[in-house]
Amino acid sequence: MLKQFLNLKLSQKLSPQQIQLMKLIQLPTQAFEQRLKEEMVENPALESGKEEEELYEKDEFDNNDEYDDYEGSENIDTEINIDEYLSNDETPDYKLQANNYSDDDDDRETPFAESVSFHQDLINQLNTFILTEEQRSIAEFLVGSIDDDGYLRRSIQDMVDDMAFTQGIYTDDKTVEKILHIIHELEPSGVGARDLQECLLLQLKHKTPTEYVELAIDILENQFDAFTKKHYDKLLQKYEISQQQLKKAIEEIEKLNPKPGGSFDSSSRVVEQIVPDFAIRIVDGELELTLNGRNAPTLHVSKDYQEMLQTYKDSRDKSHSQKDAVQFIKQKLDSAKWFIDAIRQRQETLFVTMNAIMHFQQEYFLDGEETKLKPMILKDIADMVGLDISTVSRVANSKYVDTPYGTKLIKEFFSEAMKNDQGEDVSTLEIKKILKTVIEEEDKHKPLPDDQLADILKEKGYPIARRTIAKYRELMDIPIARMRKKI
């Protein structure tokens with residue numbers, strides 16, 4: 001038996017241009033600049049700077065480098081052959097060479113400092129040891145297996161197998177273990193350790209032996225679990241020592257570096273620089289918002305391309321090859337116009353969204369006190385500016401704003417609402433700030449468990465359950481009471 005069904009489905013599909021616009025909105029300033037450079041390379045119909053007519057209006061003393069290479073003063077041949085213009089012929093060499101260079105001129109180069117990488121520094125240190133060719137090959141393989149924190153997190157057996165398969169080096173566990181002892185002699189102390197316990201012990205054993213260093217070594221070797229869990233009473237009983245003696249031993253351990261690789265010259269590491277996308281300033285008691293100028297480049301559609309298109313339209317004879325060429329030109333012109341319009345839309349979207357956030361959180365931006373941040377969700381801002389929630393999210397998640405109180409990630413201004421004992425809506429950010437303050441001010445010899453923290457916040461007018469306290473504490477990377485204890 002056959003049955004027929006009528007199934008209606010309503011769906012909304014975004015056009016490729018809308019998808020591209022959403023991607024542009026999501027990009028922070030530096031990534032946007034990179035995207036702009038890529039588009040300029042891909043589309044010769046898109047040009048930076050102001051159009052020719054505007055340049056003539058500039059002051060004669062305005063020598064902005066941006067326009068140094070501008071050749072708008074040359075007349076364009078209105079009878080230009082499109083096929084010839086789009087040919088693959090290379091530019092003549094004489095147009096790419098300078099003839100004003102003398103043999104007498106000095107070839108001056110700017111000096112630069114070459115930084116040695118963490119792993120190369122370890123390899124260099126191996127040169128101070130007398131090693132056979134096989135031992136050196138094993139040592140260099142071990143150094144190459146050390147991570148950026150300074151740890152060797154692979155088992156000896158795995159590395160023995162790996163050396164055999166990938167390097168043709170056939171050895172055994174005992175030989176590798178001996179070479180590893182040499183690695184443990186390298187600087188920074190603790191490098192090449194297989195876990196935190198070994199890392200700390202290596203550093204202690206390189207220190208001048210004292211009563212407290214020896215005690216610290218004993219604790220790490222035999223009571224590491226009790227130490228990490230801060231079971232100090234158990235340690236006092238085990239070693240039959242005073243609190244002061246235990247404190248001195250723990251101080252020796254606290255001086256150590258749990259990530260010896262991280263102590264290496266930071267200049268050899270890639271550090272991502274944050275570029276604020278907005279700036280908020282207080283001028284005469286009023287908030288003033290500006291969008292980073294790098295988000296508002298001056299672009300225009302190539303006049304050369306537009307004139308080529310017009311020349312084709314005016315010509316009587318239209319060859320097949322010219323039709324293909326003009327289709328290419330038209331496509332590039334349309335793409336350039338769309339991109340310029342998309343950038344304008346991006347600027348407007350960024351500005352109106354941040355402007356709404358600034359006015360919603362006006363009390364905070366005027367004062368800088370985090371407890372004055374109001375509960376604010378994406379929908380609040382989306383309703384204010386008439387944009388989709390996903391668009392507001394794209395602006396908030398990846399952008400930074402420079403404020404009088406530091407550079408802030410915009411999404412950090414958003415929070416859910418909770419009721420205080422007066423029935424008023426308060427931001428969860430405010431509650432977290434108060435909770436953090438209470439924990440910072442607690443007696444570290446008797447840190448407060450979550451149930452007591454809940455009682456204190458209740459006294460302050462915030463009736464929060466113990467499990468919620470635990471959740472907020474974990475979100476702020478604050479450990480449980482026992483782990484906050486100081487001896």
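Would you mind listing the helices (runs of 4 or more DSSP H) fully within region 212-259 where at least 2 residues are at negative phi, aliphatic (A, V, I, L, M) and open to solvent by less than 40 Å² (accessible area, probe 1.4 Å)?
232-239, 243-254
When you go through 257, 292 one by one, which is the residue that is under 30 Å from residue 207 (Cα atoms), in contact with a Pro (Cβ under 8 Å, 6 or more places away or on another chain), modelled with pLDDT of 90 or more and of a type in the set (S, T, N, Q)?
On the way: 292 fails: under 30 Å from residue 207 (Cα atoms).
From the options 257, 292, the qualifying one is 257.
So for region 163-174 (the condition being without any contact (Cβ under 8 Å) to a residue 60 or more places away in the chain, touching a Leu at 6+ places or on another chain (Cβ under 9 Å) and not in a helix (DSSP H, G or I)), does at least one residue qualify? Write out each step before concluding.
First pass over region 163-174, keeping only residues without any contact (Cβ under 8 Å) to a residue 60 or more places away in the chain: 163-174.
Filter again for touching a Leu at 6+ places or on another chain (Cβ under 9 Å), leaving none.
No.
Taking the residues in region 164-200 that are of a type in the set (Val, Ile, Thr) and closer than 20 Å to residue 126 by Cα as candidates, determine which candidate is nearest to the chain's Cα centre (by Cα). Step through it out loud before you land on a result.
Our first condition is that a residue be of a type in the set (Val, Ile, Thr); within region 164-200, this holds for 166, 169, 171, 175-176, 179, 182-183, 191.
Now restrict to residues that are closer than 20 Å to residue 126 by Cα: 169, 171, 175-176, 179, 182-183, 191.
Details: 169: 39, 171: 42, 175: 42, 176: 38, 179: 38, 182: 37, 183: 33, 191: 27 Å.
Ranking the qualifying residues of region 164-200, first place goes to 191.
Name the residue that is nearest to the chain's Cα centre (by Cα), counting only residues in region 149-163 that are surrounded by 13 or more Cβ atoms within 10 Å (Cβ to Cβ) and charged (D, E, K, R). I'd like the intermediate steps shown before the answer.
Filtering region 149-163 down to residues surrounded by 13 or more Cβ atoms within 10 Å (Cβ to Cβ) leaves 149-152, 154, 156, 159-160, 162-163.
Right, trim to charged (D, E, K, R) and you get 149, 154, 162.
Values: 149: 19, 154: 28, 162: 33 Å.
Restricting to residues being surrounded by 13 or more Cβ atoms within 10 Å (Cβ to Cβ) and charged (D, E, K, R), the top hit is 149.
Considering each residue of region 14-44, count those that are part of a loop (DSSP other than H, G, I, E, B) and hydroxyl-bearing (Ser, Thr, Tyr), and give that number.
Total meeting the criteria: 1.
Do you know which residues across region 319-342 are buried (at least 20 other Cβ atoms within 10 Å of the Cβ) and under 29 Å from residue 409 (Cβ atoms)?
Answer for region 319-342, where residues must be buried (at least 20 other Cβ atoms within 10 Å of the Cβ) and under 29 Å from residue 409 (Cβ atoms): just 339.
What is the one condition in (1) in contact with a helix residue (DSSP H, G or I) (Cβ under 9 Å, 6 or more places away or on another chain); (2) more than 18 Å from residue 149 (Cβ to Cβ); (3) open to solvent by 70 Å² or more (accessible area, probe 1.4 Å) that residue 187 does not satisfy?
So residue 187 meets the others, but not (2).
Looking at (1) in contact with a strand residue (DSSP E or B) (Cβ under 9 Å, 6 or more places away or on another chain); (2) in contact (Cβ under 8 Å) with a residue 12 or more places away in the chain; (3) not acidic (Asp, Glu), find the lone condition where residue 454 falls short.
With respect to (1) in contact with a strand residue (DSSP E or B) (Cβ under 9 Å, 6 or more places away or on another chain); (2) in contact (Cβ under 8 Å) with a residue 12 or more places away in the chain; (3) not acidic (Asp, Glu), residue 454 is out only on (1).
So in region 200-211, with the set limited to residues that are more than 26 Å from residue 481 (Cα to Cα) and assigned to a helix (DSSP H, G or I), which one is least open to solvent (accessible area, probe 1.4 Å)? Working first, answer last.
First, pick out the residues of region 200-211 that are more than 26 Å from residue 481 (Cα to Cα): 201-211.
Those left that are additionally assigned to a helix (DSSP H, G or I): 201-205, 211.
Details: 201: 21, 202: 27, 203: 20, 204: 1, 205: 124, 211: 111 Å².
Among residues in region 200-211 that are more than 26 Å from residue 481 (Cα to Cα) and assigned to a helix (DSSP H, G or I), the one least open to solvent (accessible area, probe 1.4 Å) is 204.
With the condition kept exactly as written, say whether any residue in region 379-390 is more than 19 Å from residue 290 (Cα to Cα), among the hydroxyl-bearing types (Ser, Thr, Tyr), at pLDDT below 95 and out of contact with any strand residue (DSSP E or B) (no Cβ under 8 Å at 6 or more places or on another chain).
Looking through region 379-390, at least one residue is more than 19 Å from residue 290 (Cα to Cα), among the hydroxyl-bearing types (Ser, Thr, Tyr), at pLDDT below 95 and out of contact with any strand residue (DSSP E or B) (no Cβ under 8 Å at 6 or more places or on another chain).
Quickly run through region 455-467 and pick out the residues that are open to solvent by 50 Å² or more (accessible area, probe 1.4 Å) and in a loop (DSSP other than H, G, I, E, B). Break it down stepwise before answering.
Applying the first criterion (open to solvent by 50 Å² or more (accessible area, probe 1.4 Å)) to region 455-467 yields 455, 458-460, 463, 466-467.
Once the filter is applied, which keeps residues that are open to solvent by 50 Å² or more (accessible area, probe 1.4 Å) and in a loop (DSSP other than H, G, I, E, B), region 455-467 yields 460, 463.
One line per residue, one yes/no per condition, for (1) open to solvent by less than 50 Å² (accessible area, probe 1.4 Å); (2) at pLDDT below 90:
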residue	(1), (2)
392	yes, no
395	yes, no
404	no, no
409	yes, no
419	no, yes
429	yes, yes
433	no, yes
439	yes, no
450	yes, no
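Can you find a residue in region 354-367 that is buried (at least 18 other Cβ atoms within 10 Å of the Cβ) and within 30 Å of residue 452 (Cβ to Cβ)?
Checked against the condition, which is being buried (at least 18 other Cβ atoms within 10 Å of the Cβ) and within 30 Å of residue 452 (Cβ to Cβ), region 354-367 yields at least one hit.
Taking region 468-487 only, how many residues are farther than 15 Å from residue 441 by Cα, assigned to a helix (DSSP H, G or I) and not basic (Lys, Arg)?
Matching residues across region 468-487 total 7.
From the list 314, 265, 324, which residue is modelled with pLDDT of 75 or more and not small (Gly, Ala, Ser)? Let's see the steps before the verdict.
On the way: 314 fails: modelled with pLDDT of 75 or more; 265 fails: modelled with pLDDT of 75 or more.
Exactly one of 314, 265, 324 is modelled with pLDDT of 75 or more and not small (Gly, Ala, Ser), namely 324.
Only one of (1) touching a Gly at 6+ places or on another chain (Cβ under 6 Å); (2) under 30 Å from residue 32 (Cα atoms) is not met by residue 275, so which one is it?
Failing condition for residue 275: (1).
The values are calculated or read from the model by the stated rules, or taken from the named source; none is laboratory data. All values derive from a computational prediction rather than experimental measurement. Note that each Cβ is placed from the backbone with ideal geometry, even for glycine, and that neighbours are counted across all protein chains shown. For the accessible areas, the whole protein counts, side chains as well, though only heavy atoms, and no ligand, DNA or RNA atoms are used. Shrake-Rupley method; radii C 1.70, N 1.55, O 1.52, S 1.80 Å.
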